[in-house]
Amino acid sequence: MTRRLEFGKADINYLANLCHNCGACLYACQYAPPHEFAVDVPRAMAKVRARTYADYAWPRALGALYARNGLTLSVATAAGLMLFLVLAVAMTGSLFHPPLAGNFYAVFPHNLMVSMFAPIFLFAVLALTLGVRRFWKDVAPGVVSGAAMTEATANALTLKYLDGGHGEGCNESDDEFTLWRRRFPSLHFLWVHALLRLDFA
Ligand code: SF4
């Protein structure tokens with residue numbers, strides 16, 4: 001930011017997606033609340049980020065759902081649960097069929113699950129890929145070298161920028177440092193790994 005005098009929409013979108021909401025600038029800025037200017041960069045970046053999710057979404061029409069994220073998620077979860085309850089009744093004749101007590105795959109065979117979730121998974125991968133490509137075309141400054149790509153990938157995998165730059169982590173709401181924002185993605189990864197192992201076992 002210190003090298004530029006002007007910021008176009010693509011620059012702001014790029015900056016907003018680089019921001020990981022650590023809060024450091026909020027505590028460093030003398031004009032942050034309770035100052036009357038109330039400059040809150042993390043909040044502004046979060047708003048722009050949310051807008052980019054909608055703007056670059058594929059298919060475009062589904063991007064509008066980001067505006068009502070909570071409602072969309074709640075309705076989708078309720079609809080998914082209802083679908084499985086209806087399926088359970090249709091396939092076993094009863095919700096309380098004995099296999100429900102112990103053998104999940106006796107009610108929903110493995111191949112049925114794969115035929116339902118594989119297309120959803122592939123759609124998600126396609127939608128994310130096309131969305132990222134659209135975003136990249138807008139913000140990319142030019143050709144990216146292999147070395148830069150390798151460095152960026154290594155930084156992302158090691159969560160380098162979630163250590164606060166000094167190893168103490170990001171700011172908490174009380175201005176203390178915490179490494180929890182770095183630990184949660186790792187826990188999430190372990191959790192998914194454990195679930196996959198359970199499924200294959
Ligand atoms: S310091 Fe942290 S919160 Fe502020 S813009 Fe950078 S990443 Fe975002």
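What follows is calculated from the coordinates using simple rules that are stated; it is not laboratory data. Source: prediction; values computed, not measured. Note that we place each Cβ from the backbone using ideal geometry, even for glycine, and neighbour counts take in every protein chain shown.
Observations on the structure shown:
- Considering only 155, 111, 21, the Gaussian network model of the chain with Cα springs below 10 Å gives its largest mean-square fluctuation to 111.
- Computed E for residue 58/residue 110 - FRET, C-beta separation, R0 25 angstrom, nearest 0.05: 0.25
- Structure-based [θ]222 nm, the chain - -39500 (n - 2.57) summed over DSSP H runs of at least 4, per residue, nearest 500: -20500 deg cm²/dmol
- Placing unit charges on the Cβ atoms only, positive for Lys and Arg and negative for Asp and Glu, gives segment 128-197 a dipole magnitude near 600 debye about its Cα centre.
- Cα-Cα pairs of segment 1-55 separated by more than 17 Å (percent): 44
- Max mean-square fluctuation residue, GNM over the chain, Cα-Cα springs under 10 Å, options 169, 23, 146: 146
- Per-q log10 I(q)/I(0), the chain, q = 0.09, 0.10, 0.15, 0.17 Å⁻¹ (Debye; single scatterer per alpha-carbon; no solvent): -0.56, -0.67, -1.24, -1.42
- Order by protection proxy (mean Cβ within 10 Å, highest first), peptides 74-82, 175-183: 175-183, 74-82
- Residue among 37, 26, 14 farthest towards the positive dipole end of segment 1-55, charges placed on Cβ: 14
- For the chain, 19, 25, 29 have no disulfide-compatible partner, since no other Cys C-beta lies under 4.7 Å from theirs.
- In the elastic network of the chain, a GNM with C-alpha springs shorter than 10 Å, the most mobile of 65, 130, 112 is 112.
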